[in-house]
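Working notes, beginning with the structure itself.
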Amino acid sequence: MISVRAPSRLPVRAPALVGLAAAGAAAAALVLAAPALPFGGVLHLAPAGRLLLAASAAALALTTALAPHRVGRRELLAAGLGALGGQALLMALTDPLAIAIVLLLIGLGFAARGGARPFVERARPPAFAALLIGAGWAFVQLHGATWVGRAGALAIALGLAATAGLVPYLAPVDSEEPASSSFVIWTGFFGPALAISLPGHVLPGMPAGEASVFGATLVGLGLVNLGWGTIGAWRTASEVEAWRCSFLVDWGFALVGIGLFLPDGLAAALLALLAIVLVRVPLYLWARPALLGAQPARLTALNVLLAVLLTGAAPFSGFPVRLLVLGAATQTAWPLAIPLLVAMLLAVTYSVRLARALGSHRGWAAAGLWITLGLGLVLGLAPAAVRSLGGI
């Protein structure tokens, strides 16, 4: 549902922009330098985390340099650098309770920035996610009754979905809200960071029964988001909501891949999260000017290729994701492959719509779209190399 409230624009002061950018850069530098510092054991960035951080930095450089924006590039760059620092901390911290605290602080910090929605409305989802993760890990650590630990595992999985703003925690989309304050920050940056790091930190501390609850919850959430995103992107009347639903589809494949606990599933999740950060976020930022003003243009050759990319067809990034998830699903329980195949087929119904919403671009903006298309092609043609770089 699209919010129709009148936006309340607050100018972002230059010192605030500089402070946000500096804090993000300092946090990222601290994480990268942690192994050589005395407290290196507290911060550890795994290969998959380094790969996602590099992808986020590349996406930030691409979008701030080439994408068309209705807001100042300095504000987007500052928010992006702040998000990079937050990503680095979420992926490098090894204690789930510390992750929950940092998540809360990040949520309050980004909610305090100027935006169309009230502060409480923007701060509530990350605060609730931090509460679920922190309380869930505390329950797991109690080692008491069986149901307590399993409730904790369930809460942690739900906290991951809440961080990314997925079903059942979808917030209303405000089409007039700046991209740096919208759902993209959580669905496209902080959510993937937590999905990369959190399972590896909590699963070693869970008995088999609790781990199975955690995995089953992720698979269930993945299927729900896959169905919701596929049907929503097809049926909704709002172009902005259609784009948000397309994020849910990629997230659905990622959650199913993580929850299956198989190498192919984890590799599919890594590729899906990289595609969200490196491909879908830049494309959404390119589409925003057309979504918020001009009518979508007719399909050009570039738009047709982007439609193929958004469908998840070969040879682009979504194809190996789907193959790997299908392989992992058939190894676990073959009926899982049925909803996955249906979602893959229905992707054709909304991919053309999303590609048309990108409009026609020339000059540097068109070059940026071609670069994004090339990045999707690299992820699709070299999944084994990406998997190796991610340590899976």
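A compact table of results
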| read-out | value |
| --- | --- |
| Inter-centroid distance (Cα atoms) of region 224-288 relative to region 109-145, Å | 22 Å |
| Percent of Cα-Cα distances greater than 29 Å, calculated over the chain | 38 percent |
| Environment charge of G390, counting only residues whose C-beta is closer than 14 Å and scoring Lys/Arg +1, Asp/Glu -1 | +1 |
| The chain, helix-only ellipticity at 222 nm - DSSP H runs n ≥ 4, -39,500 (n - 2.57), divided by all residues, nearest 500 | -24000 deg cm²/dmol |
| Amide H partners (placed H, <5 Å) of V173, local residues excluded | S3 |
| Amide H contacts under 5 Å for L93, placed H, 5+ residues apart | H44 |
| Radius 15 Å from Cβ of S317, net charge of other residues (Lys, Arg +1; Asp, Glu -1) | +2 |
| Cut-off 15 Å between beta-carbons: net charge of the residues surrounding D250, Lys and Arg +1, Asp and Glu -1 | +3 |
| By average C-beta atoms within 10 angstrom, highest first, the peptides 213-224, 138-149, 192-203 | 192-203, 213-224, 138-149 |
| Region 336-378 - convex hull of alpha carbons, volume per residue in Å³ | 74 Å³ |
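Laboratory data are not the source of any read-out in this text; all were calculated from the coordinates shown. Fair warning: this is a prediction, and the values are worked out from it, not measured in the lab. Positions of Cβ are backbone-derived with ideal geometry, glycine not excepted, and every protein chain shown enters the neighbour counts.
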